[in-house]
Amino acid sequence: MTVASWFPMKRDSHWVDRSRTMSAVTAAFELAMVKGVSRVATNELRHRRRVHAVPSSSPSDSPGGLLRVLIADDDDDDRLLLSSYLGDEGMEISEATSGDQTRAVVTRVDPHVVLLDWRMPGGGLDLARQLIAEHGLADRIIMVSGMDDIRDRRAARTAGVAHYFVKPPNLDELKAAIQTAGQHALAVRRESVS
């Protein structure tokens, strides 16, 4: 049984199996937002991730290479769901749960894009500013927050953050933002080589 079949939707007075309308990971992400279901959904995704792991080798920066994304979030469920979804979308995923881990992974992996939780311990805007200053990640950091505060959005934009999403993010919009930021990263690297 897939995660999608646990959560049917009603269409035109008929119940439809969601697995026909969206991927199991997308359905699991939606399920995790429903109170009390996240543990079941994340257990399913842990199993899927073990079976369908993305290679951990560093890809080249060629157009055919994998886009490297760092997901920095202290919430295990959010991090796992995003990691599974983006991994299924063909991206190489690294994870961090604190500001210190984020800095270490950025140094080691050199990700194209960083998804950064606003309220993570040692994270937020100060960490974003530090990563931009020390690693040149301007327009390659995407903030994700449980709070929708216009002042936070403005501060993030002023600091050089590419996008700001409120949890749970629209997955299609998030994927598009990651791809745009990743293309920017590759363009900057090509210019520095030339």
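We did not get these values from a lab; they are worked out from the coordinates using the rules stated. All values derive from a computational prediction rather than experimental measurement. Cβ placement follows ideal geometry from the backbone for every residue including glycine, while neighbour counts extend to all protein chains displayed.
Under a crude label model (7 Å from the Cα following the beta-carbon direction), how far is Gln130 from Glu173 in nanometres?
Here the answer is 3.0 nm between the modelled labels.
Taking the Cα centre of the range 85-194 as origin and charging only Cβ (+1 Lys, Arg; -1 Asp, Glu), how large is the dipole, in debye to the nearest 20?
About 340 debye.
In the range 113-132, whose amide N lies under 18 Å from the spot 7 Å out along Cα-to-Cβ of Arg189? List them in ranges.
Answer for the range 113-132: 113-115, 132.
Whole-Hz Karplus ³J(HN,Hα) for the range 113-128, in order, using 6.51 cos²θ - 1.76 cosθ + 1.60 and θ = phi - 60°, x for Gly and Pro?
Calculated HN-Hα couplings, in order: 9, 10, 8, 10, 6, 5, 9, 5, x, x, x, x, 5, 4, 5, 4 Hz.
Can you give the log10 of the normalised intensity I(q)/I(0) at q = 0.27 Å⁻¹, computed with Debye over equal Cα scatterers of the range 84-146?
-1.30
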